[in-house]
Structure formats: structure tokens, C-alpha cells
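Student: My questions all concern the structure below.
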Amino acid sequence: EKRDPRMTMTMIIPGTLTNRVFYPVTKVANYPDKPQRNFNTGYILYKYMSEDPVANNSGQMGDASLFDFDRHLIRYAEVLLTYAEAVYEKNGTISDADLNRSINVIRDRAGMPHLTNAFVAINDLDMRTEIRRERTIELALEGFRYDDIRRWKTAETELPQDIKGIKIKGSEWQT
């Protein structure tokens, strides 16, 4: 609740009914332990999932797999985020106009309010941190995080502990 809407565009909220592999006709409630999950987080992903139930459930009983998406090499969102980061790192600042032609294009798609210099100042935030947060959220589970934190030279402080995922033990879906 009250989180960035991109979370539910990336991960299936526990209990959501969806057609999944091995459940081609009847939608099933998805929980962290079934029918399948991402091993890094415990959450089941919407990302890379077809909107076509047949494609999500093909490859069974000798059928040819229809779960063959064209893999994207670069997303437009990645280009926009790289632009915003490069402008900020070069100048030590980024204008609202540059935010509007980069990060806010992505935030508009998700229905998020614009990131502005005034918002950052009023809330005593750091623009570099906010640009990096946008990259982390938008590109979640796409394989960028490790390289990003190495490039930002923050890996030493961000990686000394285990990756934390969904809490199953002691929760309503433990059984």
C-alpha cells in the first residue's frame, strides 16, 4: 500500500489470480511458494510474462514453446535514465527541463508525480540519490543493479549483507 505503482507492474502481489505455467485455463492465486517464483526475491514476476495465457502455458505435452519473446537489448527507459544520470554527473545538477525529457517521461507512464528540483529541495533529498533510485526501481530485476552499484562505487556499503526478499516464515502463507 502507498508504494510506487511500478512495484505491482514488476511483481505479482501475493494472492493475485493469473494464468500461469501449468495452469493454462483456470487462473490460480499466486503465492511466494507456488506456482513459481523468482529465486532472488521470492516474488513472482510480471516482467517478461506474456499477456497471452496460451504463450505463458505452451511447451507442455510436446507443444512447441510459444514463450519465445524477442529479448530487448536496450529499453527506452534505460536510455532516458542514462541521460539523466549523465547530465547530473557531468554538471553536478540537472534542470527541471532535463528531468522532464528523461525521468519524468518514465514517471508519467507509471502515473507518478514529476521529480523536480523543488520537490528534492523541499523534502531535503539528494538529486543524485533520487536519480539512482529511479534507475533501481524502473530497471528492477533486469540485471543492472550489480553493475550500477559497482559503477557508483557504493557496492561496498550496499552488498555486505544478504539479499532480502519476501517474508514467508511467520506470515499468512507460511503453510
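The values are calculated or read from the model by the stated rules, or taken from the named source; none is laboratory data. Just so it is clear, the model here is predicted, and its values are computed rather than measured. Here the Cβ positions follow ideal geometry from the backbone for every residue, glycine too, while neighbour counts run over all protein chains shown. Surface accessibility is based on the protein's heavy atoms, side chains included, excluding ligands, DNA and RNA. Shrake-Rupley method; radii C 1.70, N 1.55, O 1.52, S 1.80 Å.
Student: Could you list, ordered by first residue, the pairs with Cβ atoms under 9 Å in which the first is in the stretch 101-115 and over 13 Å from Glu130 (Cβ atoms) and the second is part of a loop (DSSP other than H, G, I, E, B) and not small (Gly, Ala, Ser), at least 6 apart or interchain?
Tutor: Taking only residues 6 or more apart or on different chains, the pairs are Asp108/His114; Ala110/Asp4; Ala110/Pro5; Gly111/Pro5.
Student: Just to be sure I understand, how many residues within the stretch 81-111 are closer than 20 Å to Arg145 by Cβ and not hydroxyl-bearing (Ser, Thr, Tyr)?
Tutor: Summing the residues that are closer than 20 Å to Arg145 by Cβ and not hydroxyl-bearing (Ser, Thr, Tyr) in the stretch 81-111 gives 9.
Student: Also, quick follow-up: Note down all Cβ pairs under 7 Å where the first residue falls in the stretch 127-140 and is among the aliphatic types (A, V, I, L, M), the second is open to solvent by 10 Å² or more (accessible area, probe 1.4 Å) and not in a helix (DSSP H, G or I), and they're at least six residues apart or on different chains.
Tutor: Correct list of pairs: Ile137/Asp4.
Student: Something else now. Looking at Ile137, Ile103, Ile122, can you tell me which residue is modelled with pLDDT of 90 or more and either hydroxyl-bearing (Ser, Thr, Tyr) or more than 16 Å from the chain's Cα centre (by Cα) (or both)?
Tutor: When all the criteria are applied, what remains is Ile122.
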